[in-house]
1. Given the condition surrounded by 19 or more Cβ atoms within 10 Å (Cβ to Cβ), among the aromatic types (Phe, Trp, Tyr) and either assigned to a strand (DSSP E or B) or in contact with a Lys or Arg (Cβ under 9 Å, 6 or more places away or on another chain) (or both), answer yes or no: does some residue in segment 211-229 qualify?
2. Have a look at 144, 119, 123 and point out the one that is outside any strand (DSSP E or B), of a type outside the set (Lys, Arg), modelled with pLDDT under 90 and in contact with a strand residue (DSSP E or B) (Cβ under 9 Å, 6 or more places away or on another chain).
3. Would you please list the contacts, defined by Cβ atoms under 6 Å and residues six or more apart or on different chains, that run from a residue in segment 194-207 that is farther than 17 Å from residue 270 by Cα to a residue that is crowded, with 19+ Cβ neighbours inside 10 Å and not basic (Lys, Arg)?
4. Please give the number of the condition residue 105 fails out of (1) under 20 Å from the mean Cα position of the chain (by Cα); (2) at pLDDT 95 or above; (3) among the polar types (S, T, N, Q).
5. May I ask you to list pairs of residues, at least six apart or on different chains, whose Cβ atoms are under 9 Å apart, with the first in segment 254-281 being loosely packed, with under 11 Cβ neighbours inside 10 Å and the second being modelled with pLDDT under 55 and of a type in the set (Phe, Trp, Tyr)?
6. Kindly provide the set of residues from segment 24-58 that are in a helix (DSSP H, G or I), basic (Lys, Arg) and surrounded by 16 or more Cβ atoms within 10 Å (Cβ to Cβ), ordered by number.
7. So which residues in segment 167-202 are closer than 16 Å to residue 34 by Cα, β-branched (Val, Ile, Thr) and not in a strand (DSSP E or B)?
8. Consider residue 137 carefully, then state whether it is in contact with a Leu (Cβ under 8 Å, 6 or more places away or on another chain) and touching a residue at least 24 places away in the same chain (Cβ under 8 Å).
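The values are calculated or read from the model by the stated rules, or taken from the named source; none is laboratory data. It should be emphasised that the depicted structure is a prediction, and the values quoted were computed from it without experimental measurement. With ideal geometry, Cβ positions are generated from the backbone for all residues, glycine too; neighbour counts draw on all protein chains shown.
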Amino acid sequence: MTLLACIHDKAPLIEARDPDLGDLFPPGFLDLYEVHSYRNAARILAYACTPEFREITERLMEFRIRTEDIVASGGNKSQIAKTMERMLNPLGWNETRIRGDLFITKMIVTHEEKRRVAGKNRGQTVTEQRQREELYKVNGFIDGHKIDFVKGRVSFDLEWNSKDQTFDRDLYAARTFYECGIINAGVLLTRSAELIPLFTEVARRVEMKNFQNKYGASTTWMKKLLYRLDAGRGGGCPVLALGIRPAVVSDFEEWKDSHPVVRQTATFDVDTGAEDEDDLW
């Protein structure tokens with residue numbers, strides 16, 4: 001082992017992920033959701049955006065998914081996304097876009113030497129400073145960034161089953177809202193890897209050849225989000241990452257009783273490709 005390697009091994013670790021969540025969440029919340037807080041997002045939400053944080057956590061405590069919603073064929077918007085809309089839209093959480101042009105003021109300072117022609121300092125050379133301004137415009141500097149739900153100074157995105165590159169779009173949108181001073185923090189809800197045994201069991205009981213691909217390694221699982229957050233793709237925006245755990249699926253045991261096994265084995269691998277994403281940038 002080289003000396004440089006030894007030094008690197010001893011270097012203190014800097015992480016944006018918060019080591020402690022405290023008691024910020026209501027009882028039972030962590031049974032339903034995997035929680036990761038970045039840049040003090042949980043504390044910012046709990047103390048600086050208290051009404052919005054309470055609404056999100058209360059609605060998520062009520063939020064449930066039916067197994068049939070998991071099996072249902074895809075479309076522009078899943079039943080799961082529609083359920084979330086029905087819960088949040090009446091409370092004032094609405095899809096929000098921002099766009100804007102950038103105006104740049106260029107201030108030019110010039111210095112000019114002049115000789116005084118009158119007064120007691122007549123004949124002396126002095127330097128006069130003058131300033132003029134030029135205005136420039138960059139069209140579409142912020143171009144239509146969209147977030148599923150925004151209220152007050154909090155954003156909330158749900159990614160149930162999209163291509164994992166969607167996380168890049170979501171994080172870029174959240175950091176743009178944050179850098180523009182529109183939000184204090186963002187929340188992103190997706191699937192926890194703890195759902196994999198449940199999904200594997202579903203795959204054994206449905207006649208869908210593409211079920212594993214539909215929810216495969218290149219779709220929106222928590223690991224794919226954490227990889228991006230750990231790599232700093234959220235910028236300086238505080239982000240609360242939430243992963244849906246099996247307890248949110250309300251009827252799974254009843255669904256199994258009415259759906260006998262149709263194949264003995266079903267592999268469900270979502271643990272590949274998280275570190276091979278340089279081609280996204």
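1. yes
2. Working: 144 fails: outside any strand (DSSP E or B); 119 fails: in contact with a strand residue (DSSP E or B) (Cβ under 9 Å, 6 or more places away or on another chain).
So the residue among 144, 119, 123 that is outside any strand (DSSP E or B), of a type outside the set (Lys, Arg), modelled with pLDDT under 90 and in contact with a strand residue (DSSP E or B) (Cβ under 9 Å, 6 or more places away or on another chain) is 123.
3. none
4. (1)
5. Nothing qualifies.
6. If the condition is that a residue be in a helix (DSSP H, G or I), basic (Lys, Arg) and surrounded by 16 or more Cβ atoms within 10 Å (Cβ to Cβ), then 43 is the only one that fits.
7. 196
8. So residue 137 passes the test.
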